[in-house]
Amino acid sequence: MIKIVSMDLDETLLTTDKVITKSFESFVEKLKSNNIIPVVATGREYYSAHKFVGDNVDIDLICNNGNVIRSNLTGKVEYVNPISKEDLKRVMSFDDNDNVYTSLHIERDDGIDLVYKKKNFESFEGSYVDAFKGRNLGVDDFENIKGNPLSIVFAGSHDDLVALRNRMRDEISDRFNFHIMKIRREPKWMLEVLQKSGDKFFGIKKYAENRNVDLKNVAAIGDDSNDVMLIENVGLGIAMKNGVKRLREVADVVSDYDNNNDGAVKILDKVLFGD
């Protein structure tokens with residue numbers, strides 16, 4: 001019996017134009033009325049996820065790819081999984097390409113959730129950092145930052161990021177996971193580096209443990225490479241029709257419709273309630 005349903009945001013609940021599906025709020029209430037706990041699990045940081053989910057939806061948000069759990073309504077923090085200073089230093093030792101922009105997602109109390117290296121930013125307009133306007137902070141390095149580091153993001157050309165990922169894989173893959181993703185903002189590609197325990201799966205695992213729910217009683221839906229471990233290891237793993245091939249191959253079910261046609265809610269309704 002499914003007791004928790006985990007839903008991704010981008011390209012799952014969100015359309016390609018970054019609008020949340022209209023049926024989301026009513027579906028959340030339907031899950032609750034059937035004693036199923038709904039939760040959003042996303043790579044986005046809390047404030048960004050909250051913006052899309054809405055101010056009045058009573059749901060928990062598992063953010064930063066499993067590294068933070070917070071209430072959407074109150075912002076109360078349930079769990080934080082920070083990167084150690086030693087591990088952060090290891091990753092930053094690879095930061096030697098001036099054509100790659102470097103930033104750090106962080107959890108702290110003053111509303112700042114992205115710290116970036118000022119080294120090569122001549123303009124922020126349209127850039128990855130620009131998406132965090134009012135919530136970002138420029139620094140010369142990450143040596144003495146305040147707060148809990150959650151993930152490191154490198155933005156650049158696809159070729160530069162593949163080369164960087166391959167170098168890190170050769171030397172520090174025992175400690176970290178690496179995800180290359182296309183983004184809407186310049187320079188169009190990002191490489192996110194997360195500690196091994198920094199994955200949506202571990203965030204959901206912690207969330208389920210806190211509620212005495214076995215992973216076999218969890219359903220999850222997503223679309224991208226950062227959903228693979230989660231989809232593989234829960235009781236019911238669902239991939240979006242528009243999801244990456246690797247995810248569709250490991251999923252138990254693939255949605256009938258894509259993210260622009262309410263695919264996530266429709267397939268969840270179908271497999272959970274027969275609707």
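The values are calculated or read from the model by the stated rules, or taken from the named source; none is laboratory data. Remember, it's a predicted structure, so these values are computed and weren't measured experimentally. Positions of Cβ are generated from backbone atoms using ideal geometry, with glycine treated the same way; all protein chains shown enter the neighbour counts. These area figures cover heavy atoms from the full protein model, side chains too; ligands, DNA and RNA do not enter into them. Shrake-Rupley method; radii C 1.70, N 1.55, O 1.52, S 1.80 Å.
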Report summary line: Selection over the stretch 31-50 where residues are open to solvent by 10 Å² or more (accessible area, probe 1.4 Å), in contact (Cβ under 8 Å) with a residue 60 or more places away in the chain and either among the basic types (Lys, Arg) or in a strand (DSSP E or B) (or both) yields a count of 1
Report summary line: Filtering the stretch 240-264 down to residues that are open to solvent by 10 Å² or more (accessible area, probe 1.4 Å), in a helix (DSSP H, G or I) and in contact (Cβ under 8 Å) with a residue 12 or more places away in the chain yields Arg246, Val250, Asn260
Query raised in the report: In the list Thr74, Thr102, which residue meets the criterion of being open to solvent by less than 20 Å² (accessible area, probe 1.4 Å) and either more than 23 Å from Ala220 (Cβ to Cβ) or free of Cβ contacts under 8 Å to residues at least 12 places away in the same chain (or both)?
Result: Thr102
Requested in this report: Kindly establish whether Arg211 is open to solvent by 60 Å² or more (accessible area, probe 1.4 Å) and under 19 Å from Leu13 (Cα atoms).
Outcome: no
Report task. Could you list all residues from the stretch 76-98 that are of a type in the set (Ser, Thr, Tyr) and at pLDDT 95 or above? Result -> Tyr79, Ser93
Query raised in the report: Can you tell which of Arg135, Arg185, Arg169, Arg165 is touching a residue at least 24 places away in the same chain (Cβ under 8 Å), farther than 20 Å from Asn233 by Cβ, open to solvent by 80 Å² or more (accessible area, probe 1.4 Å) and not β-branched (Val, Ile, Thr)?
Result: Arg185
Query - Meets criteria (open to solvent by less than 10 Å² (accessible area, probe 1.4 Å), in a loop (DSSP other than H, G, I, E, B) and of a type in the set (Gly, Ala, Ser)) for Gly66 - result: yes
Query raised in the report: Only one of these conditions is not met by Gly147: (1) under 29 Å from Lys51 (Cβ atoms); (2) at pLDDT 95 or above. Which number is it?
Result: (2)
Report summary line: Only unsatisfied item for Arg90, checking (1) in a helix (DSSP H, G or I); (2) within 20 Å of Ala264 (Cβ to Cβ); (3) touching a residue at least 12 places away in the same chain (Cβ under 8 Å); (4) open to solvent by 20 Å² or more (accessible area, probe 1.4 Å), is (2)
Requested in this report: Give the residue that is farthest from the chain's Cα centre (by Cα), with candidates limited to residues of the stretch 184-209 that are farther than 20 Å from Val40 by Cα and part of a loop (DSSP other than H, G, I, E, B).
Outcome: Pro187
**Report entry** Long-range neighbours under 7 Å by Cβ, at least six apart or interchain, first residue within 14 Å of His50 (Cα to Cα) within the stretch 18-29, second outside any loop (DSSP other than H, G, I, E, B) and open to solvent by 40 Å² or more (accessible area, probe 1.4 Å)
**Finding:** none
